[in-house]
1. Would you compute, from DSSP H runs of 4+ residues alone, the mean residue ellipticity of the chain at 222 nm, taking -39500 (n - 2.57) per run and dividing by the full residue count, rounded to the nearest 500?
2. In the P(r) worked out for the range 1-56, what percent of Cα pairs fall beyond 18 Å?
3. At what distance in nm do the modelled label points of residue 238 and residue 261 sit from each other, each positioned 7 Å from its Cα along Cα→Cβ?
4. With the alpha-carbon atoms as the only input, what is the per residue convex hull volume for the range 67-232 in Å³?
5. Using a 10 Å cut-off around each Cβ, can you sort 66, 129 from fewest to most neighbouring Cβ atoms?
6. Between residue 296 and residue 223, what's the calculated FRET efficiency when r is the beta-carbon distance and R0 is 41 Å? Round to 0.05.
7. Which order do peptides 179-186, 245-252 fall in by mean Cβ count within 10 Å, highest first?
8. On a straight-distance basis, which lysines could pair with residue 130 in a cross-link, Cα separation under 20 angstrom, same-chain partners fewer than 8 positions away excluded?
Amino acid sequence: MNATHVPGLVLAVGGGLVAVRLQSGEERIAKLAGRLDRRPVVGDRVELLLEAEEGARIDVIEPRRTELRRQRRMQSEGERAMREQVLAANADCVMIVASIADPPLRRGLIDRILVAAWMGGMEVCLVITKQDLADRGDEPPAVVLADYAAIGVRGVLVDVRTPAGTATVRELIGTRVVAVIGHSGVGKSTLVNALTGGSQVTGAIHELSGRGRHTTSTAVWLDTPEGGALIDLPGIRSFSLAGVTAADLADAFGDIADAAAQCRFNDCRHVGEAGCAVIEAVDPIRVASYRKLLAELTQD
């Protein structure tokens, strides 16, 4: 067989191997060409070179329509350093899954992911789980959902263990490609299993795992019965912003950006300056979250 170039979709990554789906529906395990300038991630569109003896090789990673990025702390030669990490590519939406209690809802984590998603060109939706524990939360879930709805983030409160809860989330995400992210212990895996009809990962991903290549590079692609897909990210402990400036942060906090137009000084940073309209107009919880992220971005 002569060498053939064909397009493909990245389903999972492990070590130096990648599970890829071809347009025909066939799935292959591919190696990486040495000349690639970046590593593929789940959701990437790629070009494969198929050869009879060499198998499949990824030669090209197509430009990404969207991407979800973060900074990850790495340990290298006894020193700790931050490295930018792309978690998923070409998703339409990022679905943030957070429980109202056990573990408690963390607005700071939600806001970080919100900023990263908007910077990466994606919509955002919020799923608050453990509806049965609503009275044990630090704040009423209705208040949380209303606050985020005010800045354009659609959200729902559900019990992911029930058909009604799953149906509510199905309606929220539709047939889009959705990157699913959340803190460990919030019920994300239960929700993902329900949304995918309990289907298991595809054959190529199983093969990748069977070769001893742990597929934790960031994510796994899972089809949904409605014709969409989930990019299921591992549970996270923290989320640090990557490539975001102070100006980007102000724009991402839409309510703050709107109020800032009325500040006395054009360079107001909304951290206590005289004549700051943000302090008067925006929820103190939102302002506190903004200040914390701003301090992280501007620290030496």
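1. Per the formula, -8000 deg cm²/dmol.
2. 24
3. 3.7
4. Working: hull volume 21.8 nm³, N = 166.
It comes to 131 Å³ per residue, whole-number rounded.
5. Numbers: 66 20, 129 29.
Going from sparsest to densest Cβ surroundings: 66, 129.
6. Efficiency, rounded to the nearest 0.05: 0.65.
7. Details: 179-186: 22.1, 245-252: 15.6.
Top of the packing list down: 179-186, 245-252.
8. Within reach: 188.
Quick note: the coordinates plus some simple rules give every number you see, no bench work behind them. This is a predicted model, so every value here is computed, not measured. Note that we place each Cβ from the backbone using ideal geometry, even for glycine, and neighbour counts take in every protein chain shown.
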